[in-house]
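Derivation of every value follows stated rules applied to the coordinates shown; laboratory data play no part. In this text the structure is predicted, and so the values were computed from the model without any measurement. A quick note on method: Cβ atoms are made from the backbone with ideal geometry, for glycine too, and the neighbour counts reach across all protein chains shown.
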């Protein structure tokens, strides 16, 4: 089984360009929120099931990463719950459309970043990298916080 460091090292290979990195720090969280939001719009049970599977993946890699990602995911769920209620009152599909729009914008940014980088996205090699992107952002944030304390 690959370690967290193995995953992050391999992910970092195609994320060296400063523009691509900045785009990923913005777009990966947007995509994460949008995927959970779209799932939540269709079925809160499906969204929670997907989150549980993701948390199992993270827990197998690192308890610290699991704690960070579980906290982040909890904030996302609260945000989605707050945003979804008014959107659902407009139309059953309003929330889905809203999150899908965020999803599209996030992926446009991601692919532009990889065009600048000159390397294909990591998930073309292994779909599990779709879960490593948020972990990569979380690791960067944890290092920043550790430096300031």
Could you tell me what a quarter of the Cα convex hull surface of segment 1-136 works out to, in nm² with one decimal place?
8.0
Whole-number value, in Å³ per residue, for the convex hull of the alpha carbons of segment 6-74 is 93
Can you sort 11, 99, 140 by how many other beta carbons sit within 10 Å, fewest first?
140, 11, 99
At a Förster radius of 35 Å, what calculated FRET efficiency corresponds to the Cβ-Cβ distance of residue 9 and residue 53, to the nearest 0.05?
0.90
Residues 9, 32, 148 arranged by fewest to most Cβ contacts within 10 Å:
148, 9, 32
Taking Cα atoms only, helix 94-117 is inclined relative to the longest principal axis of the chain by an angle, in degrees rounded to 10, of 20
Can you sort 116, 35 so the residue with the fewest Cβ neighbours within 10 Å comes first?
116, 35
Rough spin-label spacing in nm, given labels placed 7 Å along Cα→Cβ, for residue 115 and residue 78
3.8
Residue 64 to residue 125: extension gain in nm, 0.36 nm per residue of separation minus the Cα-Cα distance?
19.4 nm
